[in-house]
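Every number in this text was worked out from the coordinates using simple rules, so none of it is lab data. If you're wondering where the values come from, they're calculated on a predicted model, not measured in any experiment. Quick reminder, even Gly has a Cβ in these numbers, built from the backbone with ideal geometry, and neighbours come from all protein chains shown.
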Amino acid sequence: MARELAAWALARSIGCGVIGESVYSAAPIRQATLQQKGLRLKAWFMAPTAFNPADAEWLAHRLVEGTDAVRFAHVPRAAHDAMAFLTDDGFTAHFGAMPQQVDVPAAQLLARFPGKARLGLLFHSAFCGSTLLARALAQPGVAMGLSEPVILNDIVGMRRRGAQPAAVARAADLALRLLARPFAPGEGVVVKPSNLLNPFAELLLALAPEAHALFLYAPLETFLVSVVRKGLPCRLWVRELLEGYLAAGIVAPLGITREDAFRQSDLQVAATGWLAQHRLFAALAHRIGPGRLRSATSEQLTGDPLRVITAAAAHYGLAMESAAAERIAAGPAFTRHSKSGASFTPDQRRDEYAAARALHAGEIDMILGWAMQVAEQAGIAMDAPNPLLQDA
């Protein structure tokens, strides 16, 4: 009961707002909407697979609020490697259509899965190699990595549409129980939520008190360079992200209002979101300690992948042998783009970043100076606490 009350209080602390109903903002599922869009709940291209709720290949994909159910999608383990994110777009691109799906009442699932298996959470700032790290840890016999499952986005959508805190906590608890199902005996699961979930990090960790977490982030300058490299769609995306963070109440401690954000440039908006994340995770790290939450940077991951993989596996309690870590660090995961799969070396990455940095130097330098002033006034350190890598 105490744990339920704590989760309820955490959910209550997260603000309520309106959210655009894109795939990433987790619009509610309703059968009529699916029918209008011509989607079918069962893929035509493959023979049906018998549903087994204990089988982790049946991914807990969506919350069906209208019927208080969970929608499972059959996604074999091998298919995960081909998809950057576990979204409908990823499924249709890989399978050619939506995979087989089954709805199960939430009450049945709560009774069927009373607790959680070993679970790791990989929170991130975006543009930091989180997909890469999740894949590096996803090794048969060690763990499975789940990259941005949409069922967690649905938790955000529920809250922003005004769901009661107790309902939000119940849904988040069930989602974590289902995502923690191991793919094989003895394996762990590392879940990488979308950074839409960052304001809910404390709630998720309260609901899974045995879970360990990592906050992986790009330093602010690197983050801003990534935004300008990716062009107008990314400049729009950072505004959408900040809209959610404003609704969740994690921007107000910076002394920045909605009206202020409306008058900010694109890179100011990006920096505001970055600072809000850092303040949130710094406070959380101090509360729960390094035993449960540590931090690492994108530069550490790409510059010393073996050390980061080894330390992350140990932090998550995964049984990864040193030879396996060495093989992964030297393998294609770190020589190909984590999203596109195209060849992409560290030298190429540095050259592309340097070119983008030079092209937008005036804008980036101005925002870096402004962000440092905001950080100083708000008491935010630019380096996250509880570093994963300890000095030798």
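I'd like the FRET efficiency for Met372 and Arg239, computed as 1/(1 + (r/R0)^6) with the beta carbon distance as r and R0 of 25 Å, rounded to 0.05.
In this case the efficiency is close to 0.70.
Could you list Lys192, Lys116, Lys230 so that the one with the fewest beta carbons within 10 Å of its beta carbon is first and the one with the most is last?
Lys230, Lys116, Lys192
Taking neighbour counts of Cβ atoms within 10 Å as a proxy for exposure, in what order, fewest first, do Ser265, Ser147 appear? Before the final figure, lay out each step's value.
Values: Ser265 13, Ser147 23.
Ascending Cβ contact count within 10 Å gives the list Ser265, Ser147.
Evaluate E = 1/(1 + (r/R0)^6) for Glu363 and Thr335, where r is the Cβ-Cβ distance and R0 equals 35 Å; express this FRET efficiency to the nearest 0.05.
About 0.65, to the nearest 0.05.
Restricting to the chain, compute how many DSSP beta bridges are antiparallel as a %, nearest 5.
Of all bridge pairs located within the chain, approximately 40 percent are antiparallel.
Percent of alpha carbon pairs in the chain separated by more than 38 Å?
15
In nm, to one decimal, how far is the modelled label at Arg327 from the one at Arg350, with both set 7 Å along Cα→Cβ?
According to this spin-label approximation, the distance is 2.9 nm.
Based solely on its DSSP helices, what 222 nm [θ] is calculated for the chain when runs of n ≥ 4 H residues each add -39,500 (n - 2.57) and the sum is averaged over all residues, nearest 500 deg cm²/dmol? Let's see the in-between values first.
Details: 18 runs with 191 residues, N = 392.
Taking each H run of at least 4 residues, the total per residue is -14500 deg cm²/dmol.
Considering Cα pairs under 8 angstrom that are at least six residues apart, work out the relative contact order of the range 39-131 and quote it in whole percent.
Details: 95 pairs, mean separation 26.8, N = 93.
Worked out over the range 39-131, it gives 29 percent.
To the nearest 20 Debye, how big is the dipole of the range 288-374 about its Cα centre, given +1 on the beta carbon of each Lys and Arg and -1 on that of each Asp and Glu?
Roughly 300 debye for the range 288-374.
If I model a spin label at Met382 and Phe262 as a point 7 Å from the Cα along the Cα→Cβ vector, what separation in nanometres do I get?
3.2
Counting only C-alpha contacts under 8 Å and six or more residues apart, can you give the relative contact order of the range 86-168 as a whole percent?
Computed value for the range 86-168: 27 percent relative contact order.
Using only the Cα atoms of the range 163-217, build the gyration tensor, take square roots of its eigenvalues as a ≥ b ≥ c, and label the shape rounded, prolate or oblate: rounded if a/c is under 1.5, else prolate if a/b is larger than b/c, else oblate.
In terms of gyration-tensor shape, oblate.
Picking from Leu368, Val238, Ala356, whose Cα lies most toward the positive end of the charge dipole for the range 221-378 (charges on Cβ: Lys, Arg +1; Asp, Glu -1)?
Farthest along the dipole direction, towards plus: Val238.
Between Gln101, Gln277, Gln377, which gets the highest mean-square fluctuation from a Gaussian network model of the chain, Cα cutoff 10 Å?
Result: Gln377 has the largest fluctuation of those listed.
Select from Pro48, Pro290, Pro76 the residue whose mean-square fluctuation is largest in a Gaussian network model of the chain (Cα-Cα springs shorter than 10 Å).
Result for the chain, Cα springs under 10 Å: Pro48 fluctuates most.
When a/c is below 1.5 the answer is rounded, else prolate if a/b is larger than b/c, else oblate, so apply that to the range 244-392 with a ≥ b ≥ c taken from the square roots of the Cα gyration tensor eigenvalues.
Oblate shape, in that a/c is at least 1.5 and b/c is the bigger or equal ratio.
Helix by helix, which DSSP H runs in the chain go 24 Å or more along their axis at the Cα atoms and have an average Kyte-Doolittle hydropathy of -1.0 or more?
232-248, 266-288, 361-378
Please order Leu216, Leu204 by the number of other Cβ within 10 Å, starting at the fewest.
So the ranking, lowest neighbour count to highest, is Leu204, Leu216.
For Val374, what is the net charge nearby, where nearby means another residue's Cβ is under 14 Å from its Cβ and Lys, Arg count +1, Asp, Glu -1?
-1
What shape does the range 351-392 take by its C-alpha gyration tensor, where a ≥ b ≥ c are the square roots of the eigenvalues and a/c under 1.5 counts as rounded, a/b above b/c as prolate, and the rest as oblate?
Here the range 351-392 falls in the oblate category.
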